[in-house]
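Report on the following structure.
Any read-out appearing in this document is the output of simple, stated calculations on the displayed coordinates, not a laboratory observation. Bear in mind the structure is a predicted one, so any value in this text is a computation, not a measurement. Virtual Cβ from ideal backbone geometry, glycine too; neighbours counted across all protein chains shown.
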Amino acid sequence: MKIGDVTSRLSLFQLLKIGDVTSRLARLANGPSFVAKSYDKYRLNGFVFSTSTYDLRLGRKQNSGISYKALTYFRSSAKDKNLIEAEMTYYGIIREIWVLDYTSFNETVFYCHWVRVEDKAACMIDPDTHMVKVDLTKLKSKNLINNEPFVCAFQKLKQVYYSKIPNNDPWFIVLYSPKRLTISIDDIEAPSEY
């Protein structure tokens with residue numbers, strides 16, 4: 001029996017009992033090998049991401065900023081039992097880039113420190129300019145597993161830059177980065193088409 005023949009309602013345990021070790025789900029459940037590749041820079045979807053330590057070493061570019069949109073559940077208060085689903089954009093800094101080996105495929109993950117977007121003192125939209133401002137000193141605790149520090153590269157990640165606001169410590173304005181040139185874009189004759 002193949003996993004593709006099984007309905008999606010089976011538990012992970014039942015899927016593993018089937019024993020189809022070639023499927024992607026079974027490989028993910030078994031976990032990666034104990035050896036992972038680590039990178040300082042990584043090209044992905046037209047962006048060149050780098051780790052924050054690599055940026056500090058070079059001292060010239062900031063390619064470690066990242067944003068990610070995710071569906072999140074909210075409550076209006078602690079007593080509210082009705083959850084509301086909404087899309088939230090998270091902003092963070094890439095600390096490490098890993099490529100995990102699952103034998104038949106590789107999976108790239110970014111280890112990030114995220115800004116607490118639920119905290120109005122850490123992330124806000126300026127009412128005058130409508131620009132997103134973040135306080136990079138208010139990152140989520142790095143020790144809690146609930147803060148989900150990892151994000152997979154196949155998710156729709158965007159690169160951002162954090163521009164310091166003069167005389168407005170500790171706020172930074174979030175600026176979205178354009179995609180870098182790739183082989184297919186390099187073939188365009190008129191640069192204005194980009």
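Laid out as a table, the results:
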item	result
Across 79/156; 37/164; 79/158; 69/164; 37/133, pairs whose alpha-carbon gap is larger than 29 Å	79/156; 37/164; 79/158; 37/133
Leading residue at positive end of dipole, the stretch 24-99 (Cβ point charges), from 84, 39, 56	39
Cα-based equivalent ellipsoid, the stretch 30-105: semi-axes from gyration tensor eigenvalues, Å	32, 21, 11
Residue 155 versus residue 81: modelled label distance in nm, points set 7 Å from Cα along the beta carbon direction	3.1
Spin-label model distance (nm) - residue 40 vs residue 137, 7 Å beyond Cα toward Cβ	2.9
Computed label-point distance, nm, for sites residue 106 and residue 175 using a 7 Å Cα→Cβ extension	3.2
Over 14 Å [Cα-Cα, the stretch 49-89], rounded percent	62
